[in-house]
Protein chains: 4
Amino acid sequence: MDHSSAPFTPVVPDARRLGRPLGGWRLRFYTVIFEADTPAGRAFDLALIALILGSVVVVMLDSVPALRARFGPLFDTLEWGFTLLFTLEYVARLSCVQRPLRYARSFFGVIDLLAILPTYLSFLVPGLHALMDVRVLRLLRLFRILKLGAYVAEYGALGRALMASRRKILVFLSFVVMVVVVMGTLMYVVEGPANGFANIPVSVYWAITTMTTVGFGDITPKTELGRLIASVMMLLGWGTLAVPTGIVSAEFTARRIHGRPSTRTCPSCLSEGHDPEARFCSDCGAPLPPRRYGG
Amino acid sequence: MDHSSAPFTPVVPDARRLGRPLGGWRLRFYTVIFEADTPAGRAFDLALIALILGSVVVVMLDSVPALRARFGPLFDTLEWGFTLLFTLEYVARLSCVQRPLRYARSFFGVIDLLAILPTYLSFLVPGLHALMDVRVLRLLRLFRILKLGAYVAEYGALGRALMASRRKILVFLSFVVMVVVVMGTLMYVVEGPANGFANIPVSVYWAITTMTTVGFGDITPKTELGRLIASVMMLLGWGTLAVPTGIVSAEFTARRIHGRPSTRTCPSCLSEGHDPEARFCSDCGAPLPPRRYGG
Amino acid sequence: MDHSSAPFTPVVPDARRLGRPLGGWRLRFYTVIFEADTPAGRAFDLALIALILGSVVVVMLDSVPALRARFGPLFDTLEWGFTLLFTLEYVARLSCVQRPLRYARSFFGVIDLLAILPTYLSFLVPGLHALMDVRVLRLLRLFRILKLGAYVAEYGALGRALMASRRKILVFLSFVVMVVVVMGTLMYVVEGPANGFANIPVSVYWAITTMTTVGFGDITPKTELGRLIASVMMLLGWGTLAVPTGIVSAEFTARRIHGRPSTRTCPSCLSEGHDPEARFCSDCGAPLPPRRYGG
Amino acid sequence: MDHSSAPFTPVVPDARRLGRPLGGWRLRFYTVIFEADTPAGRAFDLALIALILGSVVVVMLDSVPALRARFGPLFDTLEWGFTLLFTLEYVARLSCVQRPLRYARSFFGVIDLLAILPTYLSFLVPGLHALMDVRVLRLLRLFRILKLGAYVAEYGALGRALMASRRKILVFLSFVVMVVVVMGTLMYVVEGPANGFANIPVSVYWAITTMTTVGFGDITPKTELGRLIASVMMLLGWGTLAVPTGIVSAEFTARRIHGRPSTRTCPSCLSEGHDPEARFCSDCGAPLPPRRYGG
């Protein structure tokens, strides 16, 4: 998986990167499978979504013992049917792109493979077929398929904002991890195995539970000192929660304020950044072309 | 329910959409029931609020076995009294608008119907009468009734900001749902039914509990690997929590900052809300007086 | 308690509102008790803080059975000593202001009274003396006493920002209360008393627990449908959490961006809003006077 | 530990403050230990990171009884080995700086000492050696070591933003502590020891648990009144959570928006970070080139 196929960029898979098909049946396959602009391509994509959702539902229901007891054979048949269809699709995708290895190593290529592997691996490790649910990630294609151009743009905007903040968030996370290790160790010393803090890894798990305000309550401090430390941790975690939120808010706000109206340009003086409601250029007074909604 | 009556727009029900009454008793009824500007209309609305609150309190108290045992018949009488009054009101509303079907399909019309249905349905399904509590939603009228003009504006502002962010929030939610399905499945495989992760739907429920930092603690990981995955999920959920907050914050902040100078009025066309940087009116093209800072 | 003494304004109690003292011993008392600028006034205030903290600590320790058994008589003596001192102080405050009733009805007057009442009331209702802890609120004076001018300003800024957002927050809270009543009722119908949802008030309490992401776990859904509804509620509550945060963030951000540097004025062109680090006016190039820190 | 070595400033330890080494072996030692620019210094730093991580992992694994039973002697040997190495390093650091006391009292000097003390103290107090995990804090050097210049800048930016908001956060925390003491006392009176609220400190601990939305669930209200108060507290805590987030968001946003144009450089004095609206350099008064929008 190369760098440019990180989780947030692949929403619009760059067809060119996978190579142009040579023509003939490969071109037809390519058009149906990878493009969503033709009726056939659209039908293929919708059928794929239905298959993915159906397949995930079957895996879910199959895990309920009562349903498994009654519909076990049916579920097995459906699961193998879905897996065979997805395998065929995977082979078809590999065969019609010019650079199959590039597809196989792309974000969606890996997801497509992960979606079929568990069923085959379940021959070796029985419980593993539940992992087939990873195929729900294939629905990321949904955004492309339904031509939700605006949604793709939003996705891209979210991704860019998160990427821009990733260093701040990493620094913050590394800080939190250090605090959590120190605090977990402290609680292990103070409370000890008798109160459920069986060892340091468990105490660190508890510290994460507490700092993130999840608070399962399966392990709780019992001593006065432990509760005092826990109280400080909770207030600390509460305040700390403000930091990632602040980072992302600042990034989003700056983009929202600076970025949004930059596409609206005055045809007379070429000034940019006009209000979406504006009818006249606020810099030279020339009339602005009508804006398009949903852009 | 047509599109324009989505949850956030109906706070100021557009009387015109329901049709003008024909006159006579229907006009008088309409004035009393739908308008809040006359003394009679205001008295009607206040009585309605009292009835709604009283009715909700009765349903709540009725559900407490100790009180039910003592005041059961009284509660039943009150409930039927309230329901009859609301039914009469519903019929009156239907009869005095020009387009009864339009009212019946509007947001408030559906709420009004839902507020009386459960009592009648409780003949068929006994436990259902508790659902009468949906009539608390009728208090949404409160904002109109008490002439809380400013509050209505705030509601509208909140609604518009959320509507503007709805695509980003939907994209975010769809991403969270995928993560939660994959993580829940993973935990089902790792922990298994022996540790409370009975099946995949239950594991997904647990994953939602964890990612949203609710953390009931009725199901908790017991294995080392499970706790490691849970720790990653909690830190992930913590960071992810920043995203919707950031989206809404950015929207609110942009509106608060850009919306602030709404006191900046064009002396030519009297339009408001010009950008602080604007030199010409964006509505009529007339030059704007220079803005004052710090306003 | 009149309107102008709401929780966020009284940090700087407006001495003039309590009336000027007449002179003689009342003036001396007033200077010592209400002013913090003289050495005597400062010593009085510091002694008061020590008494308040000591008194709260005694009440807290007194509630621990092991300590109560050993130091009971000592705690009782101390508690009565503190209460008598606070009573004397309250009488002195009443006697040296020109308008005693106005003081008695002010925010701090009510707090001062509440701080001594519980001890006396504990003659009638034994357990009540623990409520003496309300006297910790008297520490709000701390900000005035320690001349923490900057802190008072921060407090005021926080208060103003919250006051400015109070309508939005009220609208939001009323919306949350309605959702919580409807959801709680729904869960009562779905889960019922057998699964811990004993009655509607308890179910509403559970709904609040869930929507606010607290999640005690004393009551949890057991049925599939209940868990599905709970999942939706958690995701809803998670998204909803973004709304108050967004409101307050927007208010703070707008104030931080527009408000902060507005006090820095260019002496040459009188333009405002210069950067705290700026040495020359960014509008006319004239040198700016050096800024004062901590302002 | 002097004031200037507060947790957020020491990421770039100001070598000058620790004194220039005299030359000879001290200079060579200094270059290897404190500098990261030479190959030897870099190798030393990487070895140090490996030692720190290895040491923390050993302490963690040592706390697991099953592993302790099997690898106890190995863990003990490794722990003493790590401690001896760190002690040697500490002595070397002390010996090669010009002002050893200044280093010993600096932020990293204290951390370095705390990292070796627990092992020696475990002779006196057996359980204490787990506290060795505090040496994970030594990884704060990581940012310097790996030459992650950008990360250091992010750390500094985070730190400055938090420092700028520290007064607001302190005021907020003091307010929360008061609320929590009053609410905890109230719950102790309402619920009492019979329902788990054993004494006031425990009740305050519960109040913190609830207000911060952690909600362990080890102590929960059982009475109607207690649940009502808890509901109010949860909604209050939910709304209150918005305040620190808003404070930090506002600070980050203001820095992000104002700090953005740091690419705007004065052509005369080369100072950076001018306001987007500025027409003259705020540092030397020279006219600035007109800014470009959308940058």
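The values are calculated or read from the model by the stated rules, or taken from the named source; none is laboratory data. Quantities reported herein were computed from a predicted structural model and do not represent experimental measurements. Methodologically, a virtual Cβ is constructed for each residue, glycine included, from the backbone with ideal geometry; neighbour enumeration extends over all protein chains shown. Side chains included, ligands, DNA and RNA excluded: accessible areas come from the protein's heavy atoms. Shrake-Rupley method; radii C 1.70, N 1.55, O 1.52, S 1.80 Å.
To keep it simple, each residue is scored yes or no on (1) within 28 Å of C:ALA161 (Cα to Cα); (2) modelled with pLDDT of 85 or more.
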position: D:SER203; (1), (2): no, yes
position: D:PRO244; (1), (2): yes, no
position: D:ILE247; (1), (2): yes, no
position: D:GLY259; (1), (2): yes, no
position: D:SER262; (1), (2): no, no
position: D:THR265; (1), (2): no, no
position: D:ARG279; (1), (2): no, no
position: D:ARG292; (1), (2): no, no
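Could you list, in sequence order, the residues of region B:59-104 that are among the basic types (Lys, Arg) and open to solvent by 70 Å² or more (accessible area, probe 1.4 Å)? Scanning region B:59-104 gives B:ARG68, B:ARG70, B:ARG99, B:ARG102. Any idea which residue in region B:39-53 is farthest from the other protein chains (Cβ to nearest Cβ), counting only those that are open to solvent by 80 Å² or more (accessible area, probe 1.4 Å) and not aliphatic (A, V, I, L, M)? Among residues in region B:39-53 that are open to solvent by 80 Å² or more (accessible area, probe 1.4 Å) and not aliphatic (A, V, I, L, M), the one farthest from the other protein chains (Cβ to nearest Cβ) is B:PRO39.
Taking region A:29-72 on its own, how many of its residues are outside any helix (DSSP H, G or I) and farther than 26 Å from B:MET183 by Cβ?
Matching residues across region A:29-72 total 4.
Would you mind stating whether D:VAL56 is modelled with pLDDT of 80 or more and surrounded by 15 or more Cβ atoms within 10 Å (Cβ to Cβ)? Spell out how you get there, then give the answer.
Values: modelled with pLDDT of 80 or more: yes; surrounded by 15 or more Cβ atoms within 10 Å (Cβ to Cβ): yes.
Considered against the rule, which asks whether it is modelled with pLDDT of 80 or more and surrounded by 15 or more Cβ atoms within 10 Å (Cβ to Cβ), D:VAL56 comes out as yes.
Filtering region B:97-107 for residues that are under 20 Å from the mean Cα position of the chain (by Cα), under 25 Å from C:MET187 (Cβ atoms), within 14 Å of chain C (Cβ to nearest Cβ) and at pLDDT below 80 leaves a non-empty set. Among the residues making up region A:214-250, a single one is open to solvent by 10 Å² or more (accessible area, probe 1.4 Å), part of a loop (DSSP other than H, G, I, E, B) and facing chain D (nearest Cβ under 7 Å): A:GLY217. Filtering region A:193-207 to residues that are at the interface with chain D (Cβ under 10 Å from one of its Cβ atoms), open to solvent by 10 Å² or more (accessible area, probe 1.4 Å) and either closer than 23 Å to D:LEU114 by Cα or part of a helix (DSSP H, G or I) (or both) leaves A:PRO193, A:ASN199, A:PRO201, A:VAL202, A:VAL204.
Taken as a whole, the structure leaves B:MET183 outside the set of residues that are more than 8 Å from chain A (Cβ to nearest Cβ), in a helix (DSSP H, G or I) and open to solvent by less than 10 Å² (accessible area, probe 1.4 Å). Checking each residue in region C:80-96 for being in contact (Cβ under 8 Å) with a residue 12 or more places away in the chain and under 25 Å from the mean Cα position of the chain (by Cα) picks out C:PHE82, C:THR83, C:LEU85, C:PHE86, C:THR87, C:GLU89, C:TYR90, C:ARG93.
Which one of these is of a type in the set (A, V, I, L, M, F, W, C) and free of Cβ contacts under 8 Å to residues at least 40 places away in the same chain: D:ILE229, D:ILE200? Steps first, please.
Working: D:ILE229 fails: free of Cβ contacts under 8 Å to residues at least 40 places away in the same chain.
Criteria check complete, one pass: D:ILE200.
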